[in-house]
């Protein structure tokens, strides 16, 4: 009796392990939404995901737009934050004769929150702010 129970448990465990997914499978589905960024300002801008020190998503020249697939917001309705950094050329810099001098400026109030849902499209306009 003990031997047949042991064989049954061993067979059940073997079937369980065979039916489990292989952890090396890369069948991970990442849900995204399509976001078009439009630079409304006359400056070049860098769009960061999350904080100003977060990853750079893209750089846009004045009046340029680009479309990206952005991972959905999985943070209970707070949304994804996009931080805008303005780049501007300094024309009267002491070393401007050696080439372009570019400075950057941030406005902590220019952070755009948007809840990104799967398979939906969004347009985010960077404010025509001043660094």
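All of the numbers you see were taken from the coordinates with simple rules; none came from a lab. What you see is a predicted model, and the numbers here were worked out from it, not measured in a lab. Methodologically, a virtual Cβ is constructed for each residue, glycine included, from the backbone with ideal geometry; neighbour enumeration extends over all protein chains shown.
Going from the fewest other Cβ atoms within 10 Å to the most, the residues 60, 68, 87 appear in the order 68, 87, 60. Residues 73, 104, ranked from the fewest to the most other C-beta atoms within 10 Å, line up as 104, 73.
In units of the rule-of-thumb radius 2.2 N^0.38 Å, region 25-126 shows an alpha carbon radius of gyration of 1.27. Highest mean first, the peptides 38-48, 111-121 sorted by other C-beta atoms within 10 Å per residue fall in the order 38-48, 111-121.
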